[in-house]
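Values quoted throughout were computed directly from the atomic coordinates according to the rules given, and no laboratory measurement underlies them. Small disclaimer: the values here were computed from a predicted structure and weren't measured. Note: ideal-geometry Cβ built from the backbone for every residue, glycine included; neighbour counts use all protein chains shown.
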Amino acid sequence: MEFKIDLTMLLIVGLGNPDKKFKQTRHNIGFEIIDEFFLTYNSQFTDFKFDKKFNAEISKGKIYKQKVILAKPTTFMNESGKSIKTLMDYYKIKIENLWVIHDDSDLELGTIRINKEISSAGHKGIQSIIDNLKTNKFARFRIGIRPVTGRKSKEKAEKLVLKKFNQEEKEIIKKAAKKTVELILQEIREGVSPTTIKL
């Protein structure tokens, strides 16, 4: 089953925390992938600019005739839904045209999984979006951040997400970011399908 979009407006949001101390932490992978997408297609997008009414940095562009807004909420992770609801309401964006990129501590580093209509599984940024929009019917690009150890880490997600990647992990994340950008482009062209990729 594909998640079809129309040619009105597509909102692609990366989740993260805006404070400098959170830069390059696992929780900010959503921001990093949005930045990677922008750098890849920046000739087709406006520069990112902070917009107070949305509490977000946004960039607008068009790919394959599809109008796209890239957004990075500056509300901090746990309040992401407030920013996204304001954007959705202002631009009259349909719920199927919301794609959210975020870290997932249940998935191993190098895993990319696309779903929709699932629970937040404890991710506070996603729960904030569900609470504010009163629905979970949006596409999610879940990026694995759990260290590859051969077994599930017992470290609590709250601590893990604020850790930075080591050098080896950074290389995996670079590949995951580039692959996610490829997937976004493919899905703008063809429609989004549930997918799991392991690098």
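Tell me the relative contact order for segment 10-198 as a rounded percent, counting alpha carbon contacts under 8 Å between residues six or more apart.
Computed over segment 10-198, the figure is 26 percent.
For the chain, set up a Gaussian network in which alpha carbons nearer than 10 Å are linked by springs, and say which option among ILE173, ILE93, ILE58 fluctuates the most.
ILE93
Would you compute, from DSSP H runs of 4+ residues alone, the mean residue ellipticity of the chain at 222 nm, taking -39500 (n - 2.57) per run and dividing by the full residue count, rounded to the nearest 500?
That comes out to -10000 deg cm²/dmol.
Skipping prolines and chain starts, which residues have an amide H placed within reach, meaning under 5 Å, of the one on ILE101, given they are 5 or more residues away or on another chain?
For ILE101, whose amide H was placed from the backbone, the distant partners under 5 Å are VAL13, GLY14, LEU15, PHE141.
Using each residue's phi in segment 80-85, evaluate 6.51 cos²θ - 1.76 cosθ + 1.60 at θ = phi - 60° and report the 3J(HN,Hα) Karplus result to the nearest Hz, with x for Gly and Pro.
These are the phi-based 3J(HN,Hα) values: 3, x, 5, 4, 5, 4 Hz.
Segment 132-146 to segment 55-109: how many Å between their Cα centroids?
Computed from Cα coordinates, the inter-centre distance equals 10 Å.
Could you tell me which of the pairs LYS85/LYS159; LYS67/LYS164; LYS92/LYS170; LYS20/LYS65; LYS92/LYS175 are separated by over 32 angstrom between their Cα atoms in the structure shown?
The pairs that break the limit, which is 32 Å between Cα atoms, are LYS67/LYS164; LYS92/LYS170; LYS20/LYS65; LYS92/LYS175.
Between the DSSP loop rule and a limit of at most 10 other Cβ atoms within 10 Å, which trypsin sites (Lys or Arg not before Pro) in segment 75-141 are left?
Within segment 75-141, the qualifying trypsin sites (Lys or Arg not before Pro) (loop, at most 10 other Cβ atoms within 10 Å) are LYS92, LYS134.
Tell me which label goes with the value of P(r) over Cα pairs in 10 Å bins from 0, in percent computed from the coordinates here: [x] 9, 40, 39, 11, 1; [y] 10, 42, 40, 8, 0; [z] 8, 34, 37, 17, 4, 1, 0.
Read-out taken from this structure: [x].
Need one word for segment 18-70: rounded, prolate or oblate. Basis is the Cα gyration tensor (sqrt eigenvalues a ≥ b ≥ c); a/c below 1.5 gives rounded, then a/b vs b/c decides.
Since a/c reaches 1.5 but b/c is at least a/b, the shape of segment 18-70 is classed as oblate.
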